[in-house]
1. Given an 8 Å cut-off on Cα distances and at least 6 residues of separation, report the relative contact order of the range 86-218 as a percent.
2. Tally Lys/Arg at +1 and Asp/Glu at -1 over every other residue whose Cβ is under 14 Å from the Cβ of G194; what's the total?
3. Could you work out the helix-only [θ] at 222 nm for the chain, with each DSSP H run of four or more residues adding -39,500 (n - 2.57) and the total divided by the number of residues, to the nearest 500 deg cm²/dmol?
4. Go through G657, I702, A328 and say which Cα lies farthest out towards the positive end of the charge dipole of the chain; charges sit on Cβ, +1 for Lys and Arg, -1 for Asp and Glu.
5. Find the accessible area per residue for the chain; the probe is 1.4 Å, ligands and nucleic acids are left out, and the unit is Å².
6. Cα to Cα, under 16 Å, and not fewer than 8 places away if on the same chain: which aspartates and glutamates meet these conditions relative to K198?
7. Along Cα→Cβ, 7 Å out, is where each label goes; now give me the distance between the ones at V594 and K829 in nm to one decimal.
8. Could you tell me how many degrees, from 0 to 90 and to the nearest 10, lie between the Cα long axis of helix 413-433 and the main elongation axis, the longest principal axis, of the Cα atoms of the chain?
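The values are calculated or read from the model by the stated rules, or taken from the named source; none is laboratory data. None of these values were measured; they are calculated from a predicted model. Please note: Cβ atoms are built from the backbone with ideal geometry, for glycine as well, and neighbour counts cover all protein chains shown. The accessibility values were calculated without ligands, DNA or RNA, using every heavy atom of the protein model including side chains. Shrake-Rupley method; radii C 1.70, N 1.55, O 1.52, S 1.80 Å.
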Amino acid sequence: MSDKRLYLIDATAFCYRAFYALSGLTTSFGQPTNAVYGFVSMLNKILKEKKPEYLVVCFDVSRDTFRQKKFAEYKIQRPPMPEGLSSQLPLIKEIISAYGIAILEKEGYEADDIIATLARKAKENGLLTTIISSDKDILQLVDERTAVFSPYKDEGTLYNKKKVLERFSAKPSQIPDLIALMGDAVDNIPGAKGVGEKTAIELIKEFGSVKNLFKNIEGIKQERLKKIIKENLEQITLSRELAVLDKDIAIDFDLEKIKISLPDYQELFRLFKRLEFKTLLNGLPQEAVKARAVKLKVCKDEELKSLSGESGELFLYGERLGDLVFYAQDKFFRVDKSGPNLEALLVSPKVKKISYDFKKLKISLAKEKLPLTGVDFDVMLAAYLLNPSQPGYSLTDIAWDYLEKAQSQHLDSREALDLIIQLRPKLEKELREKSLLPLFNNIEMPLVEVLARMELTGIKLDLEVLKRLSEDLEKRLIKLIEDIYEISGVQFNINSPKQLRDILFERLKLPVVKRSKTGPSTDEEVLRALADKHKLPALLLEYRQLMKLKTTYIDVLPELVDPKTGRIHTSFNQAATETGRLSSTNPNLQNIPVKTDVGRQIRRAIVASGEDNYLLSCDYSQIELRILAHLCRDERLTSAFKEGRDVHKITAALIYGLSEKDVTEAMREVAKRINFGIIYGLSAYGLARDLKISAEQAQGFIDAYFLRYPRVKEYVEEQTKIAQKNGFVTTISGRRRYLPEINNKNQAIRQMALRQAVNTPVQGSAADLIKLAMIQIHRQLETRRLKTEMILQIHDELVFDVPESELAEAAGLIRDRMENVLELNVPVKVDIKKGKNWLEMEDM
């Protein structure tokens, strides 16, 4: 007898389990991947821990097996395999084959029968066998040469003969007898109705087998149980036949064919890349997918001088001067120190620079007093434009998407530079094919310089204002907490959802509005819904709002002040949103709430940089509505903007059927909500909830809106058709947003994609517009050598720090560029205000 071991995996069962356990995993193009990921994770665990030499993965082929011929209801309660799972099985099999592992399936038989036959043949050939399965019927195969390993529950459970006896008080060979009596709900094996697992175990312990039980029915002590057995003799016999696994299938048993061969790492890379499994990609052996080696030499001063004097391309990578590496004229090199020749090379506009994340590099070099101009191609921004839905754009992420080999997550500068060199032509070619090069060259690349300058300039804070605000909030919160305890009648942890649930729904008996996985929800929507039923929810909302402002902004902003500059330097993220909008982090100044008094007070702390300076706020007026009017070309909407009239009042007059002079402020607010809501796919339900009106009344408003603005309705329908046909929508500048869920069978998911199809061209075009304005304003400020600095971009608003002597000139050029940077068929309007801080401002 040999000590070699064969491993057998019951794949179909594991695929089902993974499919339901890991719901929601899909690729960016809509392919479900939960079963694939779960199965491969289990397989990797087996390969790592067991290190098998022989392994076979067994699958069911179809429902039509010999058991259905015996019992038509066998497994009949199981619904057909979900489409989301069936689409993953071919992928799972491709991956198994790429691992060099044998797959076995046979028409008319289940995976369990194939496993039973292979286990018998393995024993006949002197092999030990371990079956990977969590089905109890497979335990009948356990003997001195065969074990069953269930990989679930911590470290998993290994069933040998002793463990089976311990778990079921029965030998492995008695498992079919147990199932015959108690049935199996999973497989719809009927058993004897009224006999559960405990009773079945007692009967088999006493009688040894079903066959012996039938011979000694009169020996059953309980009359009720004796009656059940007598009435179910045929059912029990059939159930045992269904439970017994077939060990005699005609299958070849060739040790060489079931021996694991070397994995095809390039094929695994291709599959994992396609399925967007970055963790699994990173787990592939790096020696199998390593980037080509790069040799570096130290570049001498005269060579640097020569390079800076010539036109050409310079690839560079590094996060600081010390680890900067270069590639030019077919040579990789680095420099050992900064000097005039290096500066001449970096500043030369004739030398086109190619890198990854130029903004970060420009800021780093600027801090070392090194300029960087001539930036030409940023692979991060190129990858972002090509697919703005990706969760991240690290260099290894982009390499996984566009190169044929996986890369280590921990690249040194030389390896990173090599990837940039390989990526540039592929990305540039795809940008050209998708008509994205103009957007890349005219907006995204020039914007790098603007954002880098804004981040380096920073924003001045009045720390005394924040200190006083923090102290005031502390007092308000203490009083709020006292009021909350008094109204609740008990002290509790206000930040604990569990304790809050007990107070709201057990103690105060308030109605449950909606539920989460852990119980009744206590989120903001729920508290708002309950606020008119009791005082406590309103106090809780106020507490949460104040606490968030205090902990997110008021107490955090002073800690973010750079001690060297005395300012905060927020990071503007250029590759973070699917619509092209900028976002900001550390701190996120775009999310400061301005609808609350305390939120507005935070703006008081953002101040001009000196006594002779002012802040200038330049805010687009209703820009998204104006872009909607441009895109849909509705006559009424267009003329309203051309005539400079109040578009919300006009809309209110139209939908209420009144003259404009009779429109109340409340009516105007309803119209305003509809005007802006239409851009975001407003539904009757959403409008009804926001305005606290009936769904019928809300639908009436929307119908009236579309009746008066027919081209808006046509635009919505056109965008939907474009998205369904092409799978993406575009902005005025050609920016794309892919919508893989636009034809999803799930209505909620599909509706979200439909809303994005309408909103993205509008919001994305507004983002393009303000980016273009930022670029042109920046260039004009430099050309005119003004000291005015752009310091903030908040969606449709730009904020500048302006010397008093430049106020008129700066405001004039900013207004001109913001209003005229793109020609729309409606006028673009900018509201400009000045002030010593961002809160207290007056019109200019």
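1. About 13 percent, as a whole number.
2. +2
3. -14500 deg cm²/dmol
4. In the chain, that residue is I702.
5. Accessible area per residue: 48 Å².
6. Within reach: E166, D177, D184, E206.
7. 1.6 nm
8. 80 degrees
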